[in-house]
1. Does region 360-385 hold any residues that are surrounded by 14 or more Cβ atoms within 10 Å (Cβ to Cβ) and farther than 12 Å from Ser424 by Cβ, and which are they?
2. Quickly run through region 396-428 and pick out the residues that are of a type outside the set (Val, Ile, Thr), within 30 Å of Glu287 (Cα to Cα) and out of contact with any Asp or Glu (no Cβ under 8 Å at 6 or more places or on another chain).
3. Checking Leu226 against (1) of a type outside the set (Lys, Arg); (2) outside any loop (DSSP other than H, G, I, E, B); (3) modelled with pLDDT of 95 or more; (4) open to solvent by 30 Å² or more (accessible area, probe 1.4 Å), which single condition isn't satisfied?
4. Within the bounds of region 187-198, is there any residue that is under 24 Å from His21 (Cβ atoms), modelled with pLDDT of 95 or more and assigned to a strand (DSSP E or B)?
5. Taking only region 353-388 into account, find how many residues are farther than 15 Å from His82 by Cβ and hydroxyl-bearing (Ser, Thr, Tyr).
6. Could you tell me whether region 339-354 includes any residue that is without any contact (Cβ under 8 Å) to a residue 12 or more places away in the chain and within 22 Å of Leu246 (Cα to Cα)?
7. Scanning region 380-396 for residues that are more than 16 Å from the ligand (Cβ to nearest atom) and assigned to a loop (DSSP other than H, G, I, E, B), which turns out farthest from Met241 (Cα to Cα)?
Amino acid sequence: MNSNYAKDLINFIDASPSQFHATKEAEERLLKNNFVKLNKGDKWNLEKGGKYFITNNSSSLVAFEIGSGDITQEGFRLIGSHTDSPTFRVKPNPDIIVENSYVKLNTEMYGGALVSTWFDRPLSIAGRVSLRTDDPLKPEERLVNVDKDLLIIPSLCIHMNREANSNSSFNNQIHLLPVLTTVNEELEKDNMLIKIMAKELGVDYKDILDFEVYLYVRQKGSIIGLNDEFVSVGKLDNLAMVHASLTGLIESTPSVATKVIIANDNEEVGSMTKQGANSPMLKNLLERIILGLGLTREDFHRTISNSFIISADMAHSIHPNYLEKADPTNRPVVNKGPVIKISASCSYTSDGVSSAIYRAVCEKAGVPYQTFVNRSDLRGGSTIGPITSQQLDINSVDIGNPVLGMHSARELCGVQDHYYMIESFKTYFSYK
Ligand SMILES: [Zn+2]
């Protein structure tokens, strides 16, 4: 079993307590590997063989390497993923004092978290704040991560809820608010969280104009199992695919085709933002690559017609304790390879051609693959693939690695699968 990529994945996720930090970590890795950061406001002059990237909203990213071939013929070879994961966002005016002593934070759920998994774990907050400057249109944006065990959402004890193990339900506004501290002094009670962030950043709390911060789980990721075959960590959906596509791009050898990775934000809340998959961000960027090479708008459309997208988002393994939840003939398991997702309702983009292309890539890479289809009486989820297809008419396949406990605060995937996925991406990017 090759565990180097899985260990690096854990480092990547541990460095990414929010989508802003994930984007920053990806940016640092790209800079270290000679990718040049472009500014969207500049005029671009791009060169064949050049490696570049942009960030959008500090929470999404597109990185690309221009191929050596005729781009209109070789097309873009794309891999898409997303930087965000289910969590809780801290609301404005977050401090709530109860019984004149406990201070808890007002939050709202971001995405479809499996809430029972968030109880009784050391948590903290990370995200970004905007600081006052002389120019009201240009606040200073800073990332913030309070790097300590700061918060916890305590369970209700079983003595006060005898049905806790058989019949639990949670009200997001009442039962899921994390406890920050206890207070005695009247003085301590104002703007507690904002003052904590200000101290962390070394600024006056009055200069924090606004913030966008989320809860995150403090426990570091680990490799577990008798043979060290599992990765146990939060945010595998979908930082595992951000990491796999980034590593595939960085480690693949130069190709005739132009390699592009895109990591969108806001997949977990419907992708309807400027940095989400349902925005013109990717389309505009691809057009600017063509124009930056001195080519025309028609050349852009010619390039699009020869392009391909792998939409990479984690998939479901059959669950060893819930075998009846899986389709009778398509039964992916952890460490048996990447999963191609197929749906008659087109909630995944894979079709008879695009699936065949990914199968052939896996075969070339020496990587096994599996297929996932929902049980016909279960609705299942969707992903960025079909949303990207609303913006770009590029042939696309939806894939991902099998995971257990998707949207838990702590998910489980396979060490070997992560290796397989990166190998398949390297082959996809380097072929020809
Ligand atoms: Zn996802």
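The values are calculated or read from the model by the stated rules, or taken from the named source; none is laboratory data. Nothing here was measured: the structure is a model prediction, and the numbers come from that model. Here Cβ is always computed from backbone atoms with ideal geometry, including for glycine, and neighbour counts include all displayed protein chains. SASA here: full protein model, heavy atoms, side chains in, ligands and nucleic acids out. Shrake-Rupley method; radii C 1.70, N 1.55, O 1.52, S 1.80 Å.
1. Hits for region 360-385 are Gln370, Thr371, Phe372, Val373, Asn374, Gly380, Gly381, Ser382, Thr383, Ile384, Gly385.
2. Passing the criteria: Ser396, Met421, Glu423, Ser424, Phe425, Tyr428.
3. Going through (1) of a type outside the set (Lys, Arg); (2) outside any loop (DSSP other than H, G, I, E, B); (3) modelled with pLDDT of 95 or more; (4) open to solvent by 30 Å² or more (accessible area, probe 1.4 Å) one by one, Leu226 breaks only (2).
4. No, region 187-198 contains no residue that is under 24 Å from His21 (Cβ atoms), modelled with pLDDT of 95 or more and assigned to a strand (DSSP E or B).
5. Number of matching residues: 6.
6. No, because not a single residue in region 339-354 is without any contact (Cβ under 8 Å) to a residue 12 or more places away in the chain and within 22 Å of Leu246 (Cα to Cα).
7. Within region 380-396, the match that is farthest from Met241 (Cα to Cα) is Asp393.
Conditions tested, residue by residue: (1) in contact (Cβ under 8 Å) with a residue 12 or more places away in the chain; (2) touching a Lys or Arg at 6+ places or on another chain (Cβ under 7 Å); (3) assigned to a loop (DSSP other than H, G, I, E, B); (4) open to solvent by 40 Å² or more (accessible area, probe 1.4 Å).
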position: Lys40; (1), (2), (3), (4): yes, no, yes, yes
position: Trp44; (1), (2), (3), (4): yes, yes, yes, no
position: Lys48; (1), (2), (3), (4): yes, no, yes, yes
position: Ile54; (1), (2), (3), (4): yes, yes, no, no
position: Val62; (1), (2), (3), (4): yes, no, no, no
position: Ser68; (1), (2), (3), (4): yes, yes, yes, yes
position: Gln73; (1), (2), (3), (4): yes, no, no, yes
position: Leu78; (1), (2), (3), (4): yes, no, no, no
